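One structure below.
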Amino acid sequence: MEFDLGAMLGQGTGVKENEIKPVPVDMLIPYHNHKFQLYSGERLDDMVESIRTNGVLTPLVVQPAENGKYEILIGHNRWNASVIAGKKTVPAIIKSDLSEEEAEMYVVESNLMQRGFENLLISEQAAVIAMRHDKMFSEKKRKDIINELSVLSGEKVQDKTEKKAWDTAKQVGEEYSMSRNSVARLIRINKLADKFKYAVDTGDLSVRAGVEISYLDYDTQGRLSEFLGEVKMDIKKASALRQLADEKGNISQNVLEEFMRGKPEVTLKPKNYRIKGERISRFFKEDTSNTEIEDTIEKALEYYFANAEME
């Protein structure tokens with residue numbers, strides 16, 4: 001279906017293009033798939049004080065929701081600060097007849113404009129990367145919305161993906177100056193349950209451990225999350241959990257509890273790996289025994305996974 005910018009802007013729906021209307025704050029609800037953390041601390045306090053003094057200068061963008069309410073697409077922080085500041089209404093532009101893709105685009109692109117990719121939490125970066133990689137948006141849709149956001153913000157927004165496809169991990173990585181492996185890890189992080197995403201954001205769970213856990217189904221992840229804070233979830237344990245799961249990513253409750261509590265010890269089936277001799281021979285003398293080589297590789301891998309972060 002061809003992208004209809006006129007419909008997106010409200011033409012033919014009884015709503016004037018980009019008409020700003022006051023909307024009661026209690027009639028607004030957050031976007032149903034909002035993946036970005038709201039401001040807190042000093043940044044939130046500054047916004048609240050500014051709104052108390054000057055009001056909301058940049059309108060929110062919303063779309064009609066059930067029960068006469070409006071779902072916020074752009075302006076979650078302004079809405080939150082307005083509620084704290086005691087405002088009864090906020091200025092908003094109402095968008096009608098948006099597709100799920102178009103609505104999601106407003107949410108994602110506005111957050112990228114305001115904060116920049118490098119300032120997003122890991123789980124937020126994962127959401128952006130996963131959507132890019134899945135080719136959720138056509139370049140034409142994205143370019144039209146970026147142009148409109150430029151008008152609304154009064155700033156020229158550079159579209160770094162112009163004349164560039166983003167249907168592979170490599171191409172997505174080029175857009176955000178990331179390696180293909182980092183893109184692949186972020187796509188996996190986006191498949192984590194919310195509690196594990198939060199643990200990755202706070203540093204309580206490493207990215208690589210999160211990647212391993214992402215291969216478990218949501219039901220297993222939900223039951224596993226009950227052990228957060230009780231049992232340290234390192235890369236070794238996360239990898240073992242992935243091995244315990246069946247082909248659908250499920251681990252039975254009994255097996256999960258036995259493994260997490262270590263009563264009794266669960267026996268894992270070891271995997272066999274082959275490494276070509278020419279890839280490692282340059283690191284060892286000719287008379288080095290196989291046992292010494294294996295021990296060295298094991299220590300090197302333990303050090304690598306204990307210290308490696310996102311590239």
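The values are calculated or read from the model by the stated rules, or taken from the named source; none is laboratory data. In this text the structure is predicted, and so the values were computed from the model without any measurement. Cβ coordinates were reconstructed from backbone atoms using ideal geometry, including for glycine residues, and neighbour counts include every protein chain displayed. Note: accessible area is taken over every heavy atom of the protein model, side chains too, but ligands, DNA and RNA are not part of it. Shrake-Rupley method; radii C 1.70, N 1.55, O 1.52, S 1.80 Å.
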- Quick one: residue 246 ticks every box in (1) modelled with pLDDT of 80 or more; (2) part of a helix (DSSP H, G or I) except a single one, so which number is it? (2)
- Query: Which residue pairs have Cβ atoms closer than 8 Å, lie 6 or more positions apart in sequence or on different chains, and pair a first residue in segment 245-264 that is among the acidic types (Asp, Glu) with a second residue that is surrounded by 10 or more Cβ atoms within 10 Å (Cβ to Cβ)?
  - Reply: 258/266
- Query: Where residues in segment 257-274 are open to solvent by less than 100 Å² (accessible area, probe 1.4 Å) and modelled with pLDDT of 70 or more, which of them is nearest to the chain's Cα centre (by Cα)?
  - Reply: 260
- What is the residue count in segment 283-302 for residues that are surrounded by 10 or more Cβ atoms within 10 Å (Cβ to Cβ) and at pLDDT 80 or above? 13
- Task: State which residue is farthest from residue 219 (Cα to Cα) when the search covers only segment 189-207 and only residues that are outside any loop (DSSP other than H, G, I, E, B) and open to solvent by 90 Å² or more (accessible area, probe 1.4 Å).
- Result: 198
